[in-house]
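Here is the structure we will look at.
The values are calculated or read from the model by the stated rules, or taken from the named source; none is laboratory data. Computed from a prediction, not measured in an experiment: that's the story for all the values here. Cβ placement follows ideal geometry from the backbone for every residue including glycine, while neighbour counts extend to all protein chains displayed.
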Amino acid sequence: MAVDTDWAQRLSKASESFTKSEKEIAEYIRQSPHETAFLSLKELCQKIDISKPTAIEFYKKLEYSNYQDFRAGMMSFYEHHINSYKASSRIFSKISSFSELIHAAIETDIKSLNLFKNHFSDKELKYTAEKILSADTVYLYGPGTGFYPAHYLHQRFKRYKLNVQLISEDSANVVDALFPASSKDVLISFMYMSDTKSFIKTLDSVKKTEIEIITVTGTVDPDLAEISDRLIYVNRGDIEFKNSMAVPMNFANLLLLAVELSGGETLKNSLKELEERRDQFKKC
């Protein structure tokens, strides 16, 4: 993972030195991230009934230099817990026309895409593409909204004649679907759920097969990082506007093109053959 949004690790590191009031702050954030995401420092102090110096000391223990950075780190970690109603209310308190909506939505996604571009490395992309090409079977798994990029890649990878399997969203069948997996395969998983525990449980069920697990996620969770062989941080977007899937879908397309670049003439010939078959079908 190439981006520093390790809220959970900072919290764990500093927790032993927390005072009673600081423990109350941490617990309030854990219980109500959808509230805290939109509070100023003054409002946070009023909510928990603490002094401003106490709040400042808390975020400094987490090694944040100011409240803005502290809140940004918290928001990034808890992004999937943010209350959709509150996010919508915040958006439409600022936006009142369709033209403003178009501008805000596009500008927000551009900002998110630029942030992704600045921290994602070509080495990470090259490694993932080559791992996909060398695998006997590529398993794609994406519960919830993660199903969109997983399904997209499943459709496109088949055009390259790759042996690819899309895992159903039905959690009851995940273990069965991944049962044939081995160390010669790779599992690309897209995790954009608030419930990381059930997701980690799924990955743990196939860990003993020694399959390569590459997890694409916007959630920074130490347990998720530990269960994955590689964790690729791909945020969904700015939660103050409302999460979109623009960045994860852009990453999926980027990965598709990287596989094609690494595959060279072999993959180009597969695409050429596909187009020839399409032409024959049109003539029928």
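In the list Leu162, Leu113, which residue meets the criterion of being in contact (Cβ under 8 Å) with a residue 24 or more places away in the chain, of a type in the set (A, V, I, L, M), farther than 21 Å from Ala225 by Cα and in a loop (DSSP other than H, G, I, E, B)?
Going through Leu162, Leu113 in turn, the sole match is Leu162.
Restricting attention to region 192-202, and to residues there that are in a helix (DSSP H, G or I) and closer than 24 Å to Asn250 by Cα, which single residue is modelled with the highest pLDDT?
The residue in question is Phe199.
Any residue in region 135-144 that is surrounded by fewer than 16 Cβ atoms within 10 Å (Cβ to Cβ) and either in contact (Cβ under 8 Å) with a residue 24 or more places away in the chain or not assigned by TED's automatic domain parsing to the domain that holds Thr209 (or both)?
yes
So if I check each of Leu140, Leu153, Leu133, which one is assigned to a helix (DSSP H, G or I) and under 22 Å from Met245 (Cβ atoms)?
After applying the criteria, what remains is Leu153.
Tell me which of these Glu100 doesn't satisfy, since it passes every other one: (1) farther than 26 Å from Gly263 by Cα; (2) assigned by TED's automatic domain parsing to the domain that holds Gly263.
If we test Glu100 against (1) farther than 26 Å from Gly263 by Cα; (2) assigned by TED's automatic domain parsing to the domain that holds Gly263, just (2) comes out false.
So Ala105 ticks every box in (1) more than 17 Å from Ser244 (Cα to Cα); (2) of a type in the set (Gly, Ala, Ser); (3) not assigned by TED's automatic domain parsing to the domain that holds Asn253 but one. Which box is left unticked?
Unmet condition: (1).
Restricting to region 166-191, what's the tally of residues that are part of a strand (DSSP E or B) and touching a Ser or Thr at 6+ places or on another chain (Cβ under 6 Å)?
Of the residues in that region, 2 qualify.
Only residues in region 20-49 that are assigned by TED's automatic domain parsing to the domain that holds Ser93 count as the first member; pair them with residues that are at pLDDT 90 or above and among the aromatic types (Phe, Trp, Tyr), Cβ under 6 angstrom, at least 6 apart or cross-chain, and list the lot.
Filtered contacts from region 20-49: Glu22/Phe58; Ile25/Phe58; Leu41/Tyr67.
Can you tell me which residue in region 191-208 is nearest to Leu231 (Cα to Cα), limited to those that are polar (S, T, N, Q) and crowded, with 16+ Cβ neighbours inside 10 Å?
Among those that are polar (S, T, N, Q) and crowded, with 16+ Cβ neighbours inside 10 Å, it is Thr196.
Being within 19 Å of Met249 (Cα to Cα) and either outside the structural domain of Ser182 (by TED's automatic domain parsing) or hydrophobic (A, V, I, L, M, F, W, C) (or both) is the filter here, so list the residues in region 207-219 that pass it.
Correct list: Ile214, Val216.
Spot the failing condition for Ala150; the list is (1) buried (at least 19 other Cβ atoms within 10 Å of the Cβ); (2) among the hydrophobic types (A, V, I, L, M, F, W, C); (3) more than 18 Å from the chain's Cα centre (by Cα), and only one is missed.
(3)
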